[in-house]
Amino acid sequence: MKPFLVLAGGFGTRLRSLVSDVPKPLAPVAGKPFIVHLIRHWVAQGVNDFIFLLHYEAEKIEGMLDELSCHGDFSGVKFRVVIEVFNFSCRESTKHSAIWFFEIF
């Protein structure tokens with residue numbers, strides 16, 4: 001299976017009033033970061049190679065992914081991170097990452 005591209009670099013401005021201390025992918029839902037629920041779902045669907053495009057508070061999300069990679073539930077799952085220097089729109093982010101993305105194939 002080809003890598004699964006996850007856009008997770010936005011500022012989360014619409015959620016800022018509810019969750020101001022963490023980036024949107026790390027917003028707690030049922031005791032776990034929101035992104036963990038999504039990753040579990042995607043892994044259950046057979047995805048085992050992820051590329052995360054990050055910008056806002058990227059180090060926090062990258063740290064969480066590092067922790068997950070050590071967790072038994074995610075053995076054999078590959079997490080890669082691309083940290084974007086500029087805050088791109090979704091369209092520009094995908095376009096920008098495509099240059100890097102296709103270099104790995």
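Okay, residues lined up against (1) at pLDDT below 90; (2) out of contact with any helix residue (DSSP H, G or I) (no Cβ under 9 Å at 6 or more places or on another chain); (3) closer than 20 Å to K2 by Cβ:
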site: G31; (1), (2), (3): no, yes, no
site: V36; (1), (2), (3): no, no, no
site: H41; (1), (2), (3): no, yes, yes
site: G46; (1), (2), (3): no, yes, yes
site: E57; (1), (2), (3): yes, no, no
site: E62; (1), (2), (3): no, yes, no
site: G72; (1), (2), (3): yes, yes, no
site: V82; (1), (2), (3): yes, no, yes
site: F88; (1), (2), (3): yes, no, no
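Quick grid of which residues meet (1) surrounded by fewer than 13 Cβ atoms within 10 Å (Cβ to Cβ); (2) at pLDDT below 90; (3) farther than 14 Å from G10 by Cβ:
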position: F50; (1), (2), (3): no, no, yes
position: D66; (1), (2), (3): yes, no, yes
position: S93; (1), (2), (3): no, yes, no
position: F102; (1), (2), (3): yes, yes, yes
position: F105; (1), (2), (3): yes, yes, yes
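The values are calculated or read from the model by the stated rules, or taken from the named source; none is laboratory data. As the structure is a prediction and not an experimental result, all values here were calculated from the model. As a convention, Cβ positions derive from the backbone with ideal geometry for all residues, glycine included, and neighbour counts pool all protein chains shown.
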